[in-house]
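The values are calculated or read from the model by the stated rules, or taken from the named source; none is laboratory data. Note that the structure is a prediction, hence the values are computed from the model and not measured. So basically every Cβ, Gly included, is an ideal-geometry build from the backbone, and we count neighbours across all protein chains shown. Each accessible area value is taken on the protein alone, full model and side chains, heavy atoms only, with ligands, DNA and RNA left out. Shrake-Rupley method; radii C 1.70, N 1.55, O 1.52, S 1.80 Å.
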Amino acid sequence: TAYQSWMWKRYAGMDVVTYGGNQVSREVRHNLNAVPEMIWSKDRTDNSDWIVYHKGLNGGTNPATKFLYLNKSDAENGWVVPWNNTEPTSLWYPVQASTMFNKTGNNYLTMLFASVDGISKVGSYTGSGTTNQTITTGFQPRFVIVKCTSHTGGWFTWDTVRGWGSGIDADKYLELNSSSSQSTFAFGEPTSTGFLIDDANNGYNGSGRSYIYYAHA
């Protein structure tokens, strides 16, 4: 098969919530039993974008004032505030009184992620613009997503099943914001404690640029 899926169990580090919109600013409860560090949200009723919260947005300071589109290459922006400028808690996450994120009568899906020691890591880093940039996660990842937040750039996705590892000169990658098939490029490799970026590509290691990532063992 030419298809592949990545699947999570609703347990430590990941939860799924559905809710109905009412156009009232409110808090939606979740069962993550931790503070969400990354949130993906989508309107299931109307055509709409995937909206992303990540603790690394806005340089890690007041990240709820910014958001990203999962299906676009746009840099972070704050022209509208889906999270009411309010950080999520271990019990709930905020939604805005907006027809874009909380329209009366529409149904919404939200996926929430948090770091789990030795299993998953939600983090951020600054690009070095050089080779051999090492990102520490505390475990050896098999799957990683990287997105530039300060500039436009794709949601680069690598995993060891399709081809990402030591000695592989042409790592296979997908971009979550694109319908294109996978491509190959020498990105780097997993390490026993994280991953190595062995290229100065602006998409994931441009000098001084800001990046967020999600890694899983």
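Things to note:
- Share of carbon and sulfur in the accessible heavy-atom surface of the chain [1.4 Å probe, %]: 47
- Each Cα pair under 8 Å and six or more residues apart adds its sequence gap; the mean of these over the residue count of the chain is a relative contact order of 22 percent.
- Rg over Rh for the chain works out to 0.96, using Cα positions for both radii and the Kirkwood form for Rh.
- Whole-Å distance, taken between Cα centres, linking segment 17-63 and segment 94-154: 12
- A 1.4 Å probe run over the protein chains yields, for segment 85-217, 41 Å² of accessible area per residue, whole-number rounding.
- Computed helical MRE - 222 nm, the chain, DSSP H runs ≥ 4 contributing -39500 (n - 2.57), nearest 500: -500 deg cm²/dmol
- Kirkwood-type radius of segment 1-61, with distances r between different C-alpha atoms, in Å: 14.3
- Only Lys, Arg (+1) and Asp, Glu (-1) charged, at Cβ; segment 160-206 dipole about Cα centre in debye: 160
- Computed from the C-alpha gyration tensor, the three semi-axes of the ellipsoid equivalent to segment 160-217 are 17, 16, 12 Å, from longest to shortest.
- Global size of segment 12-110 as Cα Rg and Dmax, reported in angstrom: 12.4, 35
- Violating pairs (Cα-Cα greater than 23 angstrom) within the set LYS42/LYS147; LYS55/LYS121; LYS66/LYS121: none
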